[in-house]
Amino acid sequence: MINKLHYISQQTATGSHTDNILAACDAGCQWIQLRIKNETHENILPVAIAAKKICDQYQASLIINDYPHIAVAVDAAGVHVGQKDMTVAEARAIVGADKIVGGTANTLEDILVHVKNGASYIGLGPFRFTTTKQNLSPILGLEGYHTILQSLRQQQIHIPIVAIGGILTDDIPAILQTGIHGIAVSGLITQTAARQPLVQHIYELLNQQ
């Protein structure tokens, strides 16, 4: 079961990845993606072990971004691969049939390739401009989501699509109306002081569908 709210970890001036993962889990997030860019396998592994420990305490699912071997090493729930990284099929070959494999997409074509390669879910974006990601793909907006989701329905393709990219709480109802399964956020949760009420409110919005 793919959760409707994905928290994507980030390091901030005031907290490490594990600090922010702990805070997100404590606020009620049940799905955590550890996303560390431009680091070595050796440096990411201890962070992944610590993240898994936190997620286990809170019974949250841990997904490792881009590093399937690390996902296997820490027994994470799965892996998420970006567009410029390995394919979903390659990641699936490493983590095995019973793990979750997500893939990033920007177009309908991207999604169809991921589906063919055995993806468990798709992270589709960006919804709007975001500073979290370098080399941003074209912005999709509500119209982009609507068009892509409509095409998937016409082709009888049913896979959980998770919206990502600069999403704010007020955007959620309109995003869900396009047929999106859920949302992935980072700064929205990391940068708020009152995390628990926010996470609760987001889940309420997501579960109205």
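The values are calculated or read from the model by the stated rules, or taken from the named source; none is laboratory data. These numbers come from a predicted model, not from an experiment. Cβ sites come from the backbone with ideal geometry, for glycine too, and all protein chains shown count toward neighbours. What goes into the accessible areas is simple: the full protein's heavy atoms, side chains included, and nothing from ligands, DNA or RNA. Shrake-Rupley method; radii C 1.70, N 1.55, O 1.52, S 1.80 Å.
Side notes on the structure shown:
- Per residue, the chain exposes 48 Å² of accessible surface when a 1.4 Å probe is rolled over the protein heavy atoms with every protein chain present.
- Selected from A194, A119, A89 as most flexible by GNM, with the chain as the system and alpha-carbon contacts under 10 Å: A194
- Cut-off 18 Å (backbone N to label point 7 Å along Cα→Cβ of L168), residues of the range 87-131: 126-131
- Cα gyration tensor category, rounded, prolate or oblate, for the range 85-209 with a/c compared to 1.5: prolate
- Extending 7 Å from Cα along the Cβ direction at I159 and again at E109 yields two label points whose distance is 1.6 nm.
- Whole-percent pair-distance distribution, where bins are 10 Å wide, for the alpha carbons of the range 1-117: 14, 47, 32, 7, 0
- Over 21 Å apart at the Cα level, from the set K53/K84; K37/K84; K84/K116; K4/K37, are K53/K84; K4/K37.
- Rounded to whole Hz, the Karplus (6.51, -1.76, 1.60) HN-Hα couplings of the range 184-189, x for glycine and proline: 10, 9, 10, x, 3, 8
- P(r) tail, the chain: Cα-Cα pairs separated by more than 28 Å, 21% of all pairs.
- Over all other residues within a Cβ to Cβ distance under 9 Å of N117, the charged ones net out to +1, with Lys and Arg as +1 and Asp and Glu as -1.
- Distance from the C-alpha centroid of the range 69-114 to that of the range 2-63: 17 Å, rounded to the whole angstrom.
- Interchain or long-range residues, amide H under 5 Å from D66's placed H: H80, V81, G82
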